[in-house]
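Just below is one structure, and these are the notes that go with it.
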Amino acid sequence: MSNEKSVPSVSVTYAQNGNSTKPNELGMRVMQERAYEKRGEQFLLIKSPPASGKSRALMFIALDKLHNQGVRKAIITVPEKSIGSSFADEPLSQFGFWTDWTVEPKWNLCNAPGSDGGKAEAVGTFLKSEDRILVCPHATFRNAVEKFGIEAFDNCLIAIDEFHHVSANPDNRLGAQLAELLARNQVHVVAMTGSYFRGDAEPVLMPSDEEKFKSVTYTYYEQLNGYKYLKTLDIGYYFYANAYSDDILKVLNPDEKTIIHIPSVNSRESTKDKVREVEHIIEELGEWQGTDPVTGFQLVKTPSGRILKIADLVDDDASKRDRVSAALKDPSHKNNRDHVDIIIALGMAKEGFDWIWCEHALTVGYRSSLTEIVQIIGRATRDAPGKSRARFTNLIAEPDASEATVAEAVNDMLKAIAASLLMEQVLAPRFNFTPKAKATGPQDGFDYGDGGYQEDKCNVGFNADTGEFQIEIKGLAQPQSKEAERICQEDLNEVIAAFVQDRPSIERGLFDHEMVPQELTQVRLGKIIKEKYPSLTEEDQEAVRQHAVAALNLTQQAKAVLNPNEEAPQSGNTALIDGVRKIALSVLELDIDLIDSINPFGEAYKILAKEMNEERLRQVEAIITGKKVQMTTEEARDLARRALKFKAERGRLPSLTSPDPWERRMAEGVAFLARMKAEAANG
């Protein structure tokens with residue numbers, strides 16, 4: 001295979017108008033002001049990218065709840081101890097707010113020694129004290145809830161940072177405890193995340209719990225478009241043929257402030273010797289000069305004579321690693337661009353890690369979690385003086401797949417990332433199933449037990465009235481109540497997710513070769529729906545089950561469960577291809593081509609991506625919204641006419657991210673018509 005490599009990339013350019021960093025009279029930036037307007041909500045979900053100010057937004061909201069809403073205490077819980085520094089003391093009154101944020105040192109348990117189990121006792125002491133603010137790791141909070149019970153937290157604010165660590169799966173302890181707290185309804189909750197989806201496809205919250213939250217959404221586009229300095233974000237994939245350490249300097253520029261994430265020791269790309277990998281990177285960069293006695297940074301002299309300061313967070317020696325970590329977090333160096341040049345990490349320096357000078361996030365090895373990718377991208381998207389461009393590069397072993405397959409996978413990955421930049425969950429397909437004319441019952445057509453269907457029993461066509469593809473199935477039971485109708489229209493993906501993630505279903509489907517499919521699609525799925533929607537009648541529960549089985553068949557999401565005897569795929573380096581099919585499942589139907597051309601050379605190939613400027617990112621947003629919006633064609637046309645009047649008056653079309661609901665609705669009408677036109681053109 002040729003040694004020449006390819007860098008498919010996306011370049012996102014922003015207006016650089018400074019709005020997102022411009023404070024109001026209370027010292028709040030745009031996102032923080034938007035969140036503060038909803039400070040009276042009992043349950044609040046803030047979906048906002050890294051560096052948009054979620055930590056300070058929480059401070060404003062928590063202080064109001066403590067002083068003006070009768071909440072007795074605020075507990076902020078974070079996934080990693082290092083993130084606890086984000087909630088350190090802040091003199092908010094210096095910037096216009098009416099009080100300051102102060103955390104007594106003994107109540108920032110992220111800095112306290114000892115195990116999380118031992119720290120749980122400190123939480124109990126705090127709950128009995130007169131002090132009002134505590135910061136602790138997720139593990140400490142989980143142990144405290146188990147130790148003292150959810151009643152001990154009545155009338156407290158529970159703020160959960162990096163909320164995507166929560167899962168609706170019962171095995172997720174924090175998720176299960178949150179569900180209990182919500183059911184008891186005696187706490188306030190502020191949930192914050194930069195990526196409201198999980199790489200393992202688990203739902204963060206069940207729909208019934210999610211409905212309790214009021215959301216504040218602030219997109220990557222809004223954030224970066226409002227920066228003062230950072231104008232362009234590049235996203236690229238680079239394929240190598242041999243050892244990554246031999247090719248790393250082809251994508252690593254020593255003059256850029258860079259975070260390098262080396263591959264997990266369990267991954268295909270790893271040499272299984274992480275220490276040697278770090279040493280090799282250092283050797284490639286230049287001549288080692290020793291270690292700084294104060295910071296613990298490695299000093300490396302480049303061929304040009306420059307001394308690089310490299311922070312090694314991979315070293316297994318805890319004392320060395322902790323000294324380096326402390327030097328990176330030292331607040332006195334926060335505004336010093338020359339404090340460090342390159343950070344090499346394995347599992348650290350991802351979510352919540354704040355180094356505003358980072359210009360390049362270089363990740364080695366395929367990452368199956370889109371959440372992790374988005375978090376790593378966020379490390380480079382801080383605004384800083386003199387930093388006009390930032391980039392994310394994924395250095396991956398060249399896949400064992402055809403040129404066309406790799407190009408398709410890269411395009412789908414770029415679509416998934418583009419969706420995440422807009423703070424969209426990776427979209428799952430929507431279904432509009434209707435009964436075929438003159439059907440008399442399930443026995444006459446579609447087999448809702450084994451999931452099979454025949455072409456003469458299932459018709460697919462375009463409905464000009466709704467602008468949707470409509471699927472007619474013979475014998476399909478229709479929902480009778482409004483709630484069941486809503487579930488069939490809006491919640492089918494949650495039903496499917498619960499089914500394909502159901503452990504008994506997976507275990508029986510994969511390992512019991514004598515199991516008949518009806519046991520899963522009738523008995524197990526029926527039980528899941530009854531537990532999920534106990535208020536529905538038996539007839540409506542059956543209608544939901546039939547719609548879910550139809551959706552499963554048409555999307556093949558349950559293929560591994562329903563076809564346990566199918567041959568396993570051939571082994572080989574196909575992680576990128578297989579992973580994209582998993583995490584980008586819902587973007588596959590988005591008609592967006594981000595690949596410009598494919599240029600063969602030798603035995604390899606280049607994939608050149610289109611530039612994703614402001615206009616293209618807005619197009620992505622419109623396509624995603626068009627897929628989600630449900631309305632009639634006539635309603636969409638009426639909204640589009642009003643949108644044209646809006647443009648004539650204000651000189652611009654309505655925005656899909658406007659805080660004004662009416663403006664958003666007009667924009668949705670325009671997006672809906674655009675989707676209809678595109679689908680009709682494609683036949």
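Here are some conditions: (1) open to solvent by less than 30 Å² (accessible area, probe 1.4 Å); (2) without any contact (Cβ under 8 Å) to a residue 40 or more places away in the chain; (3) part of a helix (DSSP H, G or I). Gly118 meets all but one. Which one does it not meet? Here Gly118 clears every test but (1).
May I ask you to verify whether Thr232 is open to solvent by 30 Å² or more (accessible area, probe 1.4 Å) and over 19 Å from Glu284 (Cα atoms)? Criteria not met by Thr232. Would you mind stating whether Phe153 is of a type in the set (Phe, Trp, Tyr) and surrounded by 20 or more Cβ atoms within 10 Å (Cβ to Cβ)? Yes, satisfied.
Applying a threshold of 7 Å to beta carbon distances and a minimum spacing of six or more residues, or different chains, the list of pairs starting in region 28-43 at a residue that is closer than 11 Å to Phe60 by Cα and ending at one that is open to solvent by less than 60 Å² (accessible area, probe 1.4 Å) and of a type in the set (Asp, Glu) reads Arg39/Asp64. Of the residues making up region 125-137, those that are assigned to a helix (DSSP H, G or I), open to solvent by 10 Å² or more (accessible area, probe 1.4 Å) and either in contact with a Pro (Cβ under 7 Å, 6 or more places away or on another chain) or not polar (S, T, N, Q) (or both) are Leu127, Lys128. Examine region 95-114 for a residue that is open to solvent by less than 60 Å² (accessible area, probe 1.4 Å) and either under 30 Å from Ile528 (Cα atoms) or touching a residue at least 60 places away in the same chain (Cβ under 8 Å) (or both), and state whether such a residue exists. Yes, region 95-114 has at least one match.
For region 335-360, the candidate set comprises residues that are of a type outside the set (Gly, Ala, Ser) and at pLDDT below 80; within that set, the residue that is nearest to Ser264 (Cα to Cα) is Met348.
For region 307-320, give me each residue that is in contact with a strand residue (DSSP E or B) (Cβ under 9 Å, 6 or more places away or on another chain) and open to solvent by 20 Å² or more (accessible area, probe 1.4 Å). Of everything in region 307-320, those that are in contact with a strand residue (DSSP E or B) (Cβ under 9 Å, 6 or more places away or on another chain) and open to solvent by 20 Å² or more (accessible area, probe 1.4 Å) turn out to be Ile307, Lys309, Asp312, Lys320. The lone criterion from (1) within 21 Å of Asp209 (Cα to Cα); (2) at pLDDT 75 or above left unmet by Ala543 is number (1). For region 163-186, the criterion of being open to solvent by less than 20 Å² (accessible area, probe 1.4 Å), closer than 17 Å to Phe87 by Cα, modelled with pLDDT under 95 and outside any helix (DSSP H, G or I) is met by no residue. Given (1) under 20 Å from the mean Cα position of the chain (by Cα); (2) open to solvent by 20 Å² or more (accessible area, probe 1.4 Å); (3) modelled with pLDDT of 85 or more, where does Leu44 come up short, assuming only one miss? Failing condition for Leu44: (2). Scanning region 53-79 for residues that are under 15 Å from Gln42 (Cβ atoms), assigned to a helix (DSSP H, G or I) and open to solvent by 10 Å² or more (accessible area, probe 1.4 Å) turns up Asp64, Leu66, Asn68. Residues of region 56-111 that are within 31 Å of the chain's Cα centre (by Cα) and of a type in the set (D, E, K, R): Arg56, Asp64, Lys65, Lys73, Glu80, Lys81, Asp89, Glu90. Taking the criterion of being of a type in the set (Gly, Ala, Ser), over 33 Å from the mean Cα position of the chain (by Cα) and farther than 12 Å from Ile342 by Cβ, the residues of region 282-318 that qualify are Gly290, Gly296, Ser304, Gly305. Residues in region 649-669 that are closer than 18 Å to Met631 by Cβ, in a helix (DSSP H, G or I) and free of Cβ contacts under 8 Å to residues at least 12 places away in the same chain: Pro661, Trp662, Arg664.
The values are calculated or read from the model by the stated rules, or taken from the named source; none is laboratory data. From a predicted model like this one, the values you see are computed outputs, not experimental measurements. Every residue, glycine among them, receives a Cβ derived from its backbone with ideal geometry; neighbour counts consider all protein chains shown. Remember, those area values only see protein heavy atoms, side chains included, never the ligands or the DNA or RNA. Shrake-Rupley method; radii C 1.70, N 1.55, O 1.52, S 1.80 Å.
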